[in-house]
Amino acid sequence: MEENKLIIIFTVTLLIIVLTMIFVYVIFIRKKTTLLIAQKEKDMHFEKELATSQVEMKEQTLNYIGQELHDDLGQKLSVVRLRQNQLVTKLKDKEKEELSELNELLGECIQDIRNLSKTLITEQIIHFGLVESIEREIQRIKKLRLLKIEFITQKHDIDISPKHGLILFRIIQESINNILKHSGAKNVAIQLDDSFQELKITISDNGKGFSMNSTKDGSGLKNMELRAKLIHAEFSIQSILQEGTKTSIIYHKNLS
C-alpha cells in the first residue's frame, strides 16, 4: 500500500516537474519570439527611416539644382539675351540677320533650362500631378531628338497622394535616364494602367538589353528599388539581350 502511494506521489511529482519545465520552455520561446519580432521591426523601421532620409536628401539636392538653374543660370542667360537685343539695334541689317538665329537659339536654351528646373523642383511636380509631370518630362526628352517616346494613359487625373506621385515620377525619370545612358534604344513606351486598387506603370524600350544573370548593381537601379520600397510598390525589370528592357512598377493604393 505504502509502495503504491510512493509511486503515485513520485509520478505526480515527476508530472508536475515535466509540466513546469514545458511551461517555462513555452514562456521562454514566446519571449524569445517576441524579442526577435521586436528587433526585426526595429531593424525594418531603421532601414525605412534611413531610406526616407536618403530620398529626402536627394530631393533637397534636386531642389537646389533646379532652383539654381532657374534663378542663377536662367537669369544670367536672360540678361545676355537682353544685352544682345540692345546691341542688335546698333548693327547693320545683314549683321542683324546673322544674329537673329543666335538669339532664337539662346531663347530656346533659356526655355529648356526653365523646363528642366521645373522637373527637378519637388513643389512643381506635386503641383502638376503625376501625369502632367510625366508629359512635361517627355516633352523635354523629345527636344533632345534622341528617343521617340509614346505615352499611354486612360486618365489624366490619378487618385494617389502627391508625395507618392512624386516618388513614382522619380522612378520613371530614373528609368528614362538609364535608357538614355545605357540602352541605345530609339523607341520607348510608357504606359499607365490605373484601377481602383492599383496603378501599374510599364516602361519598355527596344535597346540592347542586358543579361539578367549578370545584372549590374548600379546606383540607378538601387535608387529605383529604394524609392519603390518606400511606398510598398512592387518593382521588377525584365531584359533580353538585343531585344530590350521592360520595367514594371505596381503601386497598391490600399497600402498607401
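The values are calculated or read from the model by the stated rules, or taken from the named source; none is laboratory data. As the structure is a prediction and not an experimental result, all values here were calculated from the model. Here the Cβ positions follow ideal geometry from the backbone for every residue, glycine too, while neighbour counts run over all protein chains shown. For the accessible areas, the whole protein counts, side chains as well, though only heavy atoms, and no ligand, DNA or RNA atoms are used. Shrake-Rupley method; radii C 1.70, N 1.55, O 1.52, S 1.80 Å.
From the list 113, 176, 171, 134, pick out the single residue that is of a type in the set (A, V, I, L, M, F, W, C), part of a helix (DSSP H, G or I) and at pLDDT below 85. Steps first, answer last, please.
Working: 176 fails: at pLDDT below 85; 171 fails: at pLDDT below 85; 134 fails: at pLDDT below 85.
Exactly one residue qualifies, and that residue is 113.
For (1) open to solvent by less than 50 Å² (accessible area, probe 1.4 Å); (2) among the hydroxyl-bearing types (Ser, Thr, Tyr); (3) more than 30 Å from residue 241 (Cβ to Cβ), each residue gets a yes or a no:
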residue	(1), (2), (3)
111	no, no, yes
119	yes, yes, yes
168	yes, no, no
173	yes, no, no
178	yes, no, no
197	no, no, yes
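Among the residues of segment 142-176, write down those that are closer than 16 Å to residue 190 by Cα and polar (S, T, N, Q).
The answer is 153, 154, 173, 175.
I'd like to check something: does segment 204-217 contain any residue that is outside any loop (DSSP other than H, G, I, E, B), among the charged types (D, E, K, R), without any contact (Cβ under 8 Å) to a residue 40 or more places away in the chain and open to solvent by 30 Å² or more (accessible area, probe 1.4 Å)?
To start, the set of residues in segment 204-217 that are outside any loop (DSSP other than H, G, I, E, B) comprises 204-205, 212-214.
Now restrict to residues that are among the charged types (D, E, K, R): 205.
Checking which are without any contact (Cβ under 8 Å) to a residue 40 or more places away in the chain leaves us with none.
The answer is no; no qualifying residue exists.
The conditions are (1) open to solvent by less than 20 Å² (accessible area, probe 1.4 Å); (2) at pLDDT 90 or above, and residue 231 fails exactly one of them. Which is it?
(2)
Among 98, 123, 104, which is at pLDDT below 70, in a helix (DSSP H, G or I) and among the charged types (D, E, K, R)?
Numbers: 123 fails: at pLDDT below 70; 104 fails: at pLDDT below 70.
After ruling out the rest, the residue left standing is 98.
Restricting the search to segment 154-166, which residues are open to solvent by less than 50 Å² (accessible area, probe 1.4 Å) and either assigned to a helix (DSSP H, G or I) or more than 22 Å from residue 122 (Cα to Cα) (or both)?
164, 165, 166
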